[in-house]
């Protein structure tokens, strides 16, 4: 089948036009997180699915501040000198989850290469705080690569999340251009290490399509992920956050995403979400 429909970056196809969602659902979450000075990637990244996720009692919290120590060319999160950690953040996140009545949360973070453990312990402190208030809440982690530090990964695994997610983002050829400060092989190493620590812990990864990759390269990436035991997969369309970010090279159609989803399932992924507006945490609770 012919893949990768090219289109001018300024012209968004109908299938990737963002929906603002239900204002009341979005504003309720915004009010609670702003009052506490915490962040969600749903808001920082202006995710098109946030109202839907909020209505399903899921959200993705961005730990350790809104400033990342890396500057990936596709990412909307601000990069620069990281801010000091807020010692109350774990408790604030836990309180927000309780107030919102969430059942499933994803904890992610900016890269914090400035910290001795790159923030691994902060993930664990936040999980502990959440469980103290709402023991029933399921917690998925979506982590940076921790530079593949085995001790950092061990901390996270021992904290018993229900899923360990780390995104490969793009294909091998494009990784140096798209992912500044991260590498393709390091991501595979992280996912391999996690499986070696706990073979029963589901691992997950995702790609944002539209950087100029080919179908053959996508399939090779999926094969590489399966080779390190990755169980779950998300495939979505990259959308340029601003003129300062990488332009979209191509828009993949919903039918093409369906095709790639079938390919992924045939390769052995247990759970697959594939569609233009799919993001790393989209319907995450349904992938457990």
Of everything in region 73-95 that's modelled with pLDDT under 90, in contact with a helix residue (DSSP H, G or I) (Cβ under 8 Å, 6 or more places away or on another chain) and surrounded by 19 or more Cβ atoms within 10 Å (Cβ to Cβ), which residue is nearest to residue 119 (Cα to Cα)? 77
Checklist (1) closer than 18 Å to residue 231 by Cα; (2) free of Cβ contacts under 8 Å to residues at least 12 places away in the same chain applied to residue 167, failing item: (2)
Criterion violated by residue 229 - all others in (1) in contact with a strand residue (DSSP E or B) (Cβ under 8 Å, 6 or more places away or on another chain); (2) at pLDDT 95 or above; (3) surrounded by fewer than 20 Cβ atoms within 10 Å (Cβ to Cβ); (4) outside any loop (DSSP other than H, G, I, E, B) satisfied: (4)
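Of all residues in region 258-274, which are part of a strand (DSSP E or B) and free of Cβ contacts under 8 Å to residues at least 24 places away in the same chain?
Taking region 258-274 and keeping what is part of a strand (DSSP E or B), we get 271-274.
Hits for region 258-274: nothing passes.
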Going through region 110-123 in order, the residues found to be crowded, with 20+ Cβ neighbours inside 10 Å and in contact with a helix residue (DSSP H, G or I) (Cβ under 7 Å, 6 or more places away or on another chain) are 118, 120, 123
Could you list all residues from region 187-230 that are in contact (Cβ under 8 Å) with a residue 40 or more places away in the chain and at positive phi? 210
Strands (runs of 3 or more DSSP E) wholly in region 101-215 with at least 2 residues that are touching a strand residue (DSSP E or B) at 6+ places or on another chain (Cβ under 6 Å) and modelled with pLDDT of 95 or more - which ones? 138-142, 163-165, 203-209
Would you mind stating whether residue 205 is surrounded by 15 or more Cβ atoms within 10 Å (Cβ to Cβ) and under 15 Å from the mean Cα position of the chain (by Cα)? yes
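The values are calculated or read from the model by the stated rules, or taken from the named source; none is laboratory data. Just so you know, these numbers come straight off a predicted model, no measurement behind them. Note that we place each Cβ from the backbone using ideal geometry, even for glycine, and neighbour counts take in every protein chain shown.
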